[in-house]
Amino acid sequence: MSKKLSKRSEDYSKWYNELVVKANLAENSAVRGCMVIKPYGFAIWEKMQAQLDKMFKETGHENAYFPLFVPKHLFEAEEKNAEGFAKECAVVTHYRLKTDPNDKSKLIVDPEAKLEEELIVRPTSEAIIWNTYKNWIQSYRDLPIKINQWANVVRWEMRTRLFLRTSEFLWQEGHTAHATKQEALEETELMNNIYAEFAEKFMAMPVIKGTKTEAERFAGAVETYCIEAMMQDGKALQAGTSHFLGQNFAKAFDVKFTSKEGKLENVWATSWGVSTRLMGALIMTHSDDNGLVLPPNLAPTQVVIVPIYKGEEQLQEISKVANKLADDLKEAGISVKYDDRDTQKPGWKFAQYELQGVPVRLAIGPKDLEKGSVELARRDTLTKEFVNQTEAVEKVKHLMVEIQDALFEKANNFRNDHITKVDSFDEFKKVLKSKGGFISAHWDGTTETENKIKGLTKATIRCIPFGSKKESGSCVLTGKPSEQRVLFAKAY
């Protein structure tokens, strides 16, 4: 198969889809709207998962698992949450199939096996979890509860795209219960900060932290905090959300506790999550027309060593050096692969590892043995240099940090160059069409105006940034008074 990709500048969507498939990250499955995550793609997700899991546990969270199915009466208990997800739900109505009496080779749904109550395939787990928490919580001594689960969820999507929007996807969802409003608010902010730290330090992806408007808020939440990222095509991507649920779910499921003062009170709640959508964000933040570009902190293989040889004798001599180098790199905590397969030529291997975004490639040939050198190629800059074999490990260790930082700096500069202040709706539309990115504009605070702007331009308010200065102005659409700017963008 040809590894050549469409150019981002010509067809960004086609480039993305080709890259996901050709880099062996994922592919469409026999189930409409669902994907197969291939080993290389899943290896990246595992790196993400491992780091996030570590960060969650360091802040006092524990992992658990809850059922995939939610009885309909539980799902509809919190009205706003049920209404918000109702149109995306997959519903189980029967529990058995039987042989078709008219065609013994086929199966049909057994009409006599209808469930007494329909089961919802979880689009999110608040309902089943809060019904469980009711049994766990009686006193302030039982709080806080800080649970996370790694799971799959189903949200029936009509238009899908690998990693970015699929009917079934993998994620983590945290669900916490607290004795006070302040404690729950602090938890909501903490988790949003953890997501931001992960995005910036591990994905090398700069994000803007803020709150969602009422129209964009999670169904059933009092407040939604978010991290918003900017992709290379100028579109925004919501990379993570953390929700302050107030007492909405505690009231819906009658979850009460006896306080230190002996009063019976409803619990305060949060929920928060990120998904395999982060894979899409990682791809679109850094990759180029040659393929995937991975930050070293999340690359399954940080260094690949490729021998260049003629004949078994040369290979054996090169392998002695390559294996020693591989062992030394592993000793230094760097993941490395020595690709001495004889089924593919070096040129094919170079192209494949470039496509898959391996941060550093080392090549060793007969001349390198004579000179005591190794050819080092950086994936991010596509530059090459020769390094002394005795200095290679230290050089690579240094490069792991340098590449990570360089990718963040490049993405951060791009993001900052694509934040544009506007003060008129004509200017708003012009920037959106010609440049894209985040548009910083005044908004009168009404959902009506927000929806009108969305209808006219397809741009939504991505967030109200934390720490943004109060600034008197006029709404970009209505001219009504506004106290601060918000960030608009077209989004995934």
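The values are calculated or read from the model by the stated rules, or taken from the named source; none is laboratory data. Because the structure is a prediction, the values reported are computed rather than measured. Note that we place each Cβ from the backbone using ideal geometry, even for glycine, and neighbour counts take in every protein chain shown. Just the protein is used for accessible areas: all its heavy atoms, side chains included, with ligands, DNA and RNA removed. Shrake-Rupley method; radii C 1.70, N 1.55, O 1.52, S 1.80 Å.
Where the second residue is open to solvent by 20 Å² or more (accessible area, probe 1.4 Å) and in a loop (DSSP other than H, G, I, E, B) and the first is closer than 30 Å to Tyr12 by Cα and lies in region 468-492, which pairs have Cβ atoms under 6 Å and are six or more apart or on separate chains?
Here the result reads Val486/Trp443; Lys490/Lys235; Lys490/Lys458; Ala491/Lys235; Tyr492/Lys235, each pair linking region 468-492 to a residue that is open to solvent by 20 Å² or more (accessible area, probe 1.4 Å) and in a loop (DSSP other than H, G, I, E, B).
For region 385-409, name all the residues that are of a type in the set (S, T, N, Q) and open to solvent by 40 Å² or more (accessible area, probe 1.4 Å).
Asn388, Gln389, Thr390
Return the pair list, or none, for Cβ contacts closer than 7 Å from residues in region 194-207 that are acidic (Asp, Glu) to residues that are at pLDDT below 95, at least 6 apart or on different chains.
none
Starting from residues that are of a type outside the set (A, V, I, L, M, F, W, C) and over 30 Å from Glu186 (Cα atoms), keep the ones in region 144-164 and report whichever is least open to solvent (accessible area, probe 1.4 Å).
Glu157
Evaluate region 350-364: report whether one residue or more is open to solvent by 70 Å² or more (accessible area, probe 1.4 Å) and either within 30 Å of Leu282 (Cβ to Cβ) or modelled with pLDDT of 95 or more (or both).
no
Going by the structure shown, is Leu170 assigned to a helix (DSSP H, G or I) and surrounded by fewer than 23 Cβ atoms within 10 Å (Cβ to Cβ)?
No: the conditions fail for Leu170.
Tell me which residues, restricted to region 56-73, are surrounded by 16 or more Cβ atoms within 10 Å (Cβ to Cβ) and touching a residue at least 60 places away in the same chain (Cβ under 8 Å).
The answer is Phe56, His61, Phe66, Leu68.
With the checklist (1) part of a helix (DSSP H, G or I); (2) under 23 Å from Gln352 (Cα atoms); (3) touching a Phe, Trp or Tyr at 6+ places or on another chain (Cβ under 6 Å) in hand, flag the one item Met48 doesn't pass.
(3) is the only condition that Met48 fails.
Here are some residues: Glu197, Glu183. Which one is farther than 24 Å from Lys263 by Cβ, within 27 Å of the chain's Cα centre (by Cα) and open to solvent by 10 Å² or more (accessible area, probe 1.4 Å)?
Answer to the selection: Glu197.
Yes or no: region 263-272 includes at least one residue that is part of a helix (DSSP H, G or I), touching a helix residue (DSSP H, G or I) at 6+ places or on another chain (Cβ under 6 Å) and open to solvent by less than 10 Å² (accessible area, probe 1.4 Å).
no
How many residues are under 32 Å from the mean Cα position of the chain (by Cα) and part of a loop (DSSP other than H, G, I, E, B) if we restrict to region 370-425?
Of the residues in that region, 7 qualify.
Of all the residues that make up region 42-100, how many are among the hydroxyl-bearing types (Ser, Thr, Tyr) and either within 22 Å of the chain's Cα centre (by Cα) or closer than 23 Å to Gly220 by Cα (or both)?
Here the count works out to 2.
Can you tell me which residue among Lys98, Lys7 is outside any loop (DSSP other than H, G, I, E, B) and open to solvent by 30 Å² or more (accessible area, probe 1.4 Å)?
Lys98
Restricting region 428-468 to residues that are modelled with pLDDT of 95 or more and of a type in the set (S, T, N, Q), which is surrounded by the most Cβ atoms within 10 Å (Cβ to Cβ)?
Ranking the candidates gives Thr460 first.
Residue by residue through region 101-132, note down the ones that are open to solvent by 10 Å² or more (accessible area, probe 1.4 Å), part of a helix (DSSP H, G or I) and touching a strand residue (DSSP E or B) at 6+ places or on another chain (Cβ under 7 Å).
Ile128
Given (1) modelled with pLDDT under 95; (2) closer than 30 Å to Ala392 by Cα, identify the lone condition not met by Gly220.
(2)
Just one of Ser275, Ser335 is open to solvent by 10 Å² or more (accessible area, probe 1.4 Å) and within 30 Å of Thr381 (Cβ to Cβ); which is it?
Criteria check complete, one pass: Ser335.
Under 7 Å by Cβ, and 6 or more places apart or on different chains, what pairs join a residue from region 365-384 that is closer than 30 Å to Met284 by Cβ and modelled with pLDDT of 95 or more with one that is of a type in the set (S, T, N, Q) and buried (at least 19 other Cβ atoms within 10 Å of the Cβ)?
From residues that are closer than 30 Å to Met284 by Cβ and modelled with pLDDT of 95 or more, there are no pairs.
Of all residues in region 280-324, count the ones that are in contact (Cβ under 8 Å) with a residue 60 or more places away in the chain, open to solvent by less than 10 Å² (accessible area, probe 1.4 Å) and of a type outside the set (Val, Ile, Thr).
12
Looking at (1) open to solvent by less than 10 Å² (accessible area, probe 1.4 Å); (2) within 20 Å of Asn290 (Cβ to Cβ), can you tell me which one Leu382 breaks?
The failed condition is (1).
Here are some residues: Thr224, Thr241. Which one is within 20 Å of the chain's Cα centre (by Cα), among the β-branched types (Val, Ile, Thr) and open to solvent by less than 10 Å² (accessible area, probe 1.4 Å)?
Exactly one residue qualifies, and that residue is Thr224.
Consider Gln232 carefully, then state whether it is assigned to a loop (DSSP other than H, G, I, E, B) and open to solvent by 30 Å² or more (accessible area, probe 1.4 Å).
Yes: the conditions hold for Gln232.
Mind checking which pairs have a first residue in region 342-360 that is within 22 Å of Val21 (Cβ to Cβ) and assigned to a helix (DSSP H, G or I) and a second that is open to solvent by 60 Å² or more (accessible area, probe 1.4 Å) and aliphatic (A, V, I, L, M), Cβ under 9 Å, 6 or more apart or different chains?
Glu354/Leu382
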